[in-house]
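A.B. asks: Structure below; questions to follow.
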Amino acid sequence: MRIYCEKDYDAMSRRAANIMAAEVIRKPDCVLGLATGSTPVGAYKQLAVMCRQGDVSFKEVRTVNLDEYKGLAPTHDQSYRYFMNNNLFNHVDIDPANTSVPSGLAEDAEAECAAYDKLVESLGYADLQLLGIGNNGHIGFNEPDSSFTKETHVVDLTESTIAANARFFESANEVPRQALTMGIGGIMAARKILLIANGTGKADALYNTVCGPITPECPASILQLHGNVVIVGDEASLGKVIAAGVPVCK
Ligand code: GLP
């Protein structure tokens, strides 16, 4: 695990965007696993700038997103499909047909999950999987639980995730109670994983991810078993990891 400690959100975003751009330059037809939430917005902005300047092209890139709220249409402004279009896809030269987000509207959500796993498998899994992290250690929407779930599945969101995500909705009541999420198997099958985090709210989750036991109570802790993980955090989010004596790159 390589950990970069950056001074603030902007520096974290630039580092993350550079790592992602490097992957696209190395392999122009790579598969990028993408994430939503507030954390990656800055990195996506940086990638849009790099693309506009001609430093990187997404023409051949395929993308697979981690998750989607169950019940939200792609046109809903809080759906993750809408988020991706708005924050990245509409600002780079990617072919929309090469982008995939699970459908929140599928009548048979279980079938949608199974089909999504087939799709990700058919693409050969992600060359680079971008991850944010929930305050409770969730990745995608793999919530703390008594076991890890390998496949894409429908998940009941925890009260803490509903509360954390209420800031994006009119009220907590509006937050969908369920989501479709890629499972731990799909995430761990990525050749490289880039986890980004900022702010003191993520300090416990990052500490448990890096220093804690590998447990489904902190889903991100499974990343300790992956051979190619890069964590990029700001000083606030990495405070507890650094205090524990874990070496970081500055
Ligand atoms: C959401 C998403 C995750 C994301 C996390 C953190 O619920 N499903 O993929 O990493 O919460 O969000 P934020 O970056 O806004 O803190």
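A.B. asks: Can you run down the residue pairs with Cβ atoms below 8 Å, 6 or more apart or on separate chains, where the first is in segment 157-171 and under 14 Å from GLU143 (Cα atoms) and the partner is part of a helix (DSSP H, G or I) and more than 9 Å from the ligand (Cβ to nearest atom)?
C.D. replies: ILE162/ALA172; ALA163/ALA172
A.B. asks: Let me ask another. Please pick out the residue among THR149, THR161 that is farther than 28 Å from ALA22 by Cβ, within 15 Å of the ligand (Cβ to nearest atom) and not in a helix (DSSP H, G or I).
C.D. replies: Details: THR161 fails: not in a helix (DSSP H, G or I).
Going through THR149, THR161 in turn, the sole match is THR149.
A.B. asks: Continuing with this model, one more query. Pick out the one residue from LEU195, LEU128 that is more than 10 Å from the ligand (Cβ to nearest atom) and over 23 Å from PRO74 (Cα atoms).
C.D. replies: Numbers: LEU195 fails: more than 10 Å from the ligand (Cβ to nearest atom).
It is LEU128.
A.B. asks: Scan segment 189-198 and give yes if some residue there is modelled with pLDDT under 95, in a loop (DSSP other than H, G, I, E, B) and surrounded by fewer than 22 Cβ atoms within 10 Å (Cβ to Cβ), otherwise no. I'd like the intermediate steps shown before the answer.
C.D. replies: Taking segment 189-198 and keeping what is modelled with pLDDT under 95, we get none.
Looking for residues that are modelled with pLDDT under 95, in a loop (DSSP other than H, G, I, E, B) and surrounded by fewer than 22 Cβ atoms within 10 Å (Cβ to Cβ), one finds none in segment 189-198, hence no.
A.B. asks: Still on this structure, please answer the following. Please specify each residue of segment 186-218 satisfying the condition of being of a type outside the set (A, V, I, L, M) and within 15 Å of LEU130 (Cα to Cα). Even if it seems obvious, please write down each step before you answer.
C.D. replies: The initial filter retains those residues of segment 186-218 that are of a type outside the set (A, V, I, L, M), namely 186, 191-192, 198-202, 204, 207-209, 211-213, 215-218.
If the condition is that a residue be of a type outside the set (A, V, I, L, M) and within 15 Å of LEU130 (Cα to Cα), then GLY186, ARG191, LYS192, ASN198 are the ones that fit.
A.B. asks: Identify the residue in segment 68-98 that is over 19 Å from GLN46 (Cα atoms) and among the polar types (S, T, N, Q) and, among all such residues, is least open to solvent (accessible area, probe 1.4 Å).
C.D. replies: Step by step, filter segment 68-98, then rank; the result is SER79.
A.B. asks: Which residues, counting only those in segment 199-250, are surrounded by 18 or more Cβ atoms within 10 Å (Cβ to Cβ) and of a type in the set (Lys, Arg)?
C.D. replies: Selection gives LYS202, LYS240.
A.B. asks: While we're on this one: So which strands (runs of 3 or more DSSP E) stay within segment 1-68 end to end and still have 2 or more residues that are more than 16 Å from the ligand (Cβ to nearest atom)?
C.D. replies: Working: elements: 2-6, 31-34, 62-65.
Answer list for segment 1-68: 2-6.
A.B. asks: What pairs come out if I take residues in segment 176-194 that are closer than 17 Å to THR63 by Cα and pair them with residues that are within 13 Å of the ligand (Cβ to nearest atom) and among the hydrophobic types (A, V, I, L, M, F, W, C) whose C-beta lies under 6 Å away, six or more apart or interchain?
C.D. replies: Sorted first by the residue in segment 176-194, then by its partner, the pairs are THR181/PHE141; THR181/VAL155; MET182/LEU66; LEU194/LEU130.
A.B. asks: Go over the candidates SER13, SER38 one by one and state the one that is within 15 Å of the chain's Cα centre (by Cα) and over 22 Å from MET182 (Cα atoms). Full working, then the answer.
C.D. replies: Details: SER38 fails: over 22 Å from MET182 (Cα atoms).
When all the criteria are applied, what remains is SER13.
A.B. asks: Does TYR116 satisfy the condition of being open to solvent by 30 Å² or more (accessible area, probe 1.4 Å) and either more than 10 Å from the ligand (Cβ to nearest atom) or in contact with a Pro (Cβ under 9 Å, 6 or more places away or on another chain) (or both)? Full working, then the answer.
C.D. replies: Values: open to solvent by 30 Å² or more (accessible area, probe 1.4 Å): no; either more than 10 Å from the ligand (Cβ to nearest atom) or in contact with a Pro (Cβ under 9 Å, 6 or more places away or on another chain) (or both): yes.
No; evaluated as a whole, the condition is false for this residue.
The values are calculated or read from the model by the stated rules, or taken from the named source; none is laboratory data. From a predicted model like this one, the values you see are computed outputs, not experimental measurements. Every residue, glycine as well, gets a Cβ built from its backbone with ideal geometry; the counts of neighbours run over all protein chains shown. Just so you know, the surface numbers come from the protein's heavy atoms only, side chains and all, with ligands and any DNA or RNA stripped out. Shrake-Rupley method; radii C 1.70, N 1.55, O 1.52, S 1.80 Å.
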